[in-house]
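Novice: Take this structure, written in C-alpha cells, and hold onto it; I'll ask about it next.
The values are calculated or read from the model by the stated rules, or taken from the named source; none is laboratory data. Nothing here was measured: the structure is a model prediction, and the numbers come from that model. Neighbour counts run over all protein chains shown; Cβ positions are idealised from the backbone, glycine included.
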Amino acid sequence: MTRALTQGRTGIIAVISGPVNEPYYGTMIYLLENHLAQQNYHSMLLRTLGEVKELVNATGNLAVDGAIAVDMLNLANAFRSHPTIPCVSISTFKQHFVDSIFVDLSASVEEAIRLMLAEDRRRIAYLVTAESMALETEVRAGTYLEAMREAGRTPEIINVATDDLDVLEQNFVIYVEENGCPDARLCQNDETAMCAFEVLRELGYQVPADVLLVGCDGQRHLNISRRHSAPLSNR
C-alpha cells in the first residue's frame, strides 16, 4: 500500500482518521504509524475538513506524498480536487472515486443473523450510531438488510444518532420505552453492543435469554472495565 501511495518526495503520509479515543481508530492509527515507520515514512495525523483542505489547496511543494483515510469518506473526497496527492480509503463502504481497501464484514453479519434466526427470534434489530451507517452501501447494514429480506423478515433499524456513549444509552432507553424491546440485536460495533447491554440490564432484560446481542467489529483490546460482565458474541 505504501508503495502505491508514494513517489518519495517528502517521506510523509497523511493519515485521516476519526476520534483517536475510539478503540477502532486508535488501533488503526497505531498500526498504520508502525507500518509507515518500517518503510521509513513519517505520518501526519489529520482529523478535520479544514486541515485536509489546507493540505490539498497548498501551493508550491507538496506537503505529503499521499494520504490514507480511515472511514473519513467526506474528507477523502477532498483529494479528488488534488489528483497529484494519491489517497487510499480504508472503509466498510465500497468507493470508486479513490483507491480503496474494503473492510468486508459480511460473513460475520450473515453468521450472526443465521444464529438469531435459528433461535427463532422474531424482532432482529440493527443498532447504528448514524443514518449513514444504515445505508445499504455500508457492508454491515447491506448484509443485514439482505439477510432480513431473504428470511422474509421486516428490518428494524435503531439509529441512536450519536457516538457519545452516554447519550447513546439515553437514546436507546427512549427507543425501548417507546417501541418495546427486540429479542435480538446486531450492533454496529462492540462499543454500541456494550452500551446496549448496560441499558438492557438496567431495564431488567437478560442477555441472552431475553435478547440475543452481537457486537460487530472485533475490537480485541476494547476497554470494557465499566461493562465487564457483558456476555456478548463478538463477530
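Novice: Going through segment 30-55 one residue at a time, which ones are of a type outside the set (A, V, I, L, M, F, W, C) and in a helix (DSSP H, G or I)?
Specialist: TYR30, GLU33, ASN34, HIS35, GLN38, GLY50, GLU51, LYS53, GLU54
Novice: In segment 146-178, which residues are under 21 Å from LEU117 (Cβ atoms) and free of Cβ contacts under 8 Å to residues at least 12 places away in the same chain?
Specialist: Across segment 146-178, the qualifying residues are GLU146, ARG149, GLU150, GLY152, THR154.
Novice: Test of understanding: among LEU222, LEU200, LEU213, which residue is among the aliphatic types (A, V, I, L, M), modelled with pLDDT under 90, within 18 Å of THR129 (Cβ to Cβ) and buried (at least 16 other Cβ atoms within 10 Å of the Cβ)?
Specialist: LEU222
Novice: Something else: Give ALA134, ALA118, ALA112, ALA69 a once-over and let me know the one that is among the small types (Gly, Ala, Ser) and outside the structural domain of ALA184 (by TED's automatic domain parsing).
Specialist: After applying the criteria, what remains is ALA69.
Novice: Would it be correct to say that SER108 is free of Cβ contacts under 8 Å to residues at least 12 places away in the same chain and not in a strand (DSSP E or B)?
Specialist: No: the conditions fail for SER108.
Novice: Considering each of GLU54, GLU33, GLU22 in turn, give the residue that is at pLDDT 85 or above and either within 20 Å of the chain's Cα centre (by Cα) or farther than 30 Å from THR143 by Cα (or both).
Specialist: GLU33
Novice: Oh, and also: Is it the case that some residue within segment 80-96 is part of a helix (DSSP H, G or I) and within 25 Å of LEU46 (Cβ to Cβ)?
Specialist: The answer is yes, given that some residue of segment 80-96 is part of a helix (DSSP H, G or I) and within 25 Å of LEU46 (Cβ to Cβ).
Novice: Given (1) buried (at least 17 other Cβ atoms within 10 Å of the Cβ); (2) closer than 24 Å to GLY50 by Cα, identify the lone condition not met by VAL109.
Specialist: (2)
Novice: Next up: Can you tell me which residue in segment 159-192 is nearest to ARG122 (Cα to Cα), limited to those that are surrounded by fewer than 22 Cβ atoms within 10 Å (Cβ to Cβ) and of a type in the set (Val, Ile, Thr)?
Specialist: Ranking the qualifying residues of segment 159-192, first place goes to VAL176.
Novice: Scan segment 144-160 and give yes if some residue there is touching a Cys at 6+ places or on another chain (Cβ under 7 Å) and modelled with pLDDT of 95 or more, otherwise no.
Specialist: Taking segment 144-160 as the starting set, the residues that turn out to be touching a Cys at 6+ places or on another chain (Cβ under 7 Å) are none.
Among the residues of segment 144-160, not one is touching a Cys at 6+ places or on another chain (Cβ under 7 Å) and modelled with pLDDT of 95 or more, which makes the answer no.
Novice: Hey, could you check segment 112-144 for residues that are surrounded by fewer than 18 Cβ atoms within 10 Å (Cβ to Cβ) and among the aliphatic types (A, V, I, L, M) and say which is nearest to VAL15 (Cα to Cα)? Steps first, please.
Specialist: At the first step, the residues of segment 112-144 found to be surrounded by fewer than 18 Cβ atoms within 10 Å (Cβ to Cβ) are 114-115, 117-120, 122-123, 130-132, 135-137.
Remaining after also requiring among the aliphatic types (A, V, I, L, M): 115, 117-118, 130, 135.
Values: LEU115: 37, LEU117: 40, ALA118: 42, ALA130: 23, LEU135: 25 Å.
Only one residue fits best here, namely ALA130.
Novice: Right, another one. Any residue that is under 29 Å from LEU73 (Cα atoms) and without any contact (Cβ under 8 Å) to a residue 40 or more places away in the chain - is there at least one of those in segment 119-130? If you could, list the steps in order and put the result at the bottom.
Specialist: We begin by selecting, within segment 119-130, every residue under 29 Å from LEU73 (Cα atoms); these are 124-130.
Then keep just the ones that are without any contact (Cβ under 8 Å) to a residue 40 or more places away in the chain; that gives 130.
Yes, some residue in segment 119-130 is under 29 Å from LEU73 (Cα atoms) and without any contact (Cβ under 8 Å) to a residue 40 or more places away in the chain.
Novice: Which members of segment 172-193 meet the condition of being over 25 Å from TYR24 (Cα atoms), outside any loop (DSSP other than H, G, I, E, B) and not hydrophobic (A, V, I, L, M, F, W, C)?
Specialist: TYR175, GLU177, GLU178, ASN179
Novice: Same structure, new question: List every residue pair whose Cβ atoms sit under 7 Å apart, with the two residues 6 or more apart in sequence or on different chains, where the first one lies in segment 7-28 and is under 7 Å from ASP65 (Cα atoms) and the second, anywhere, is in a loop (DSSP other than H, G, I, E, B) and basic (Lys, Arg).
Specialist: Taking only residues 6 or more apart or on different chains, not a single pair turns up.
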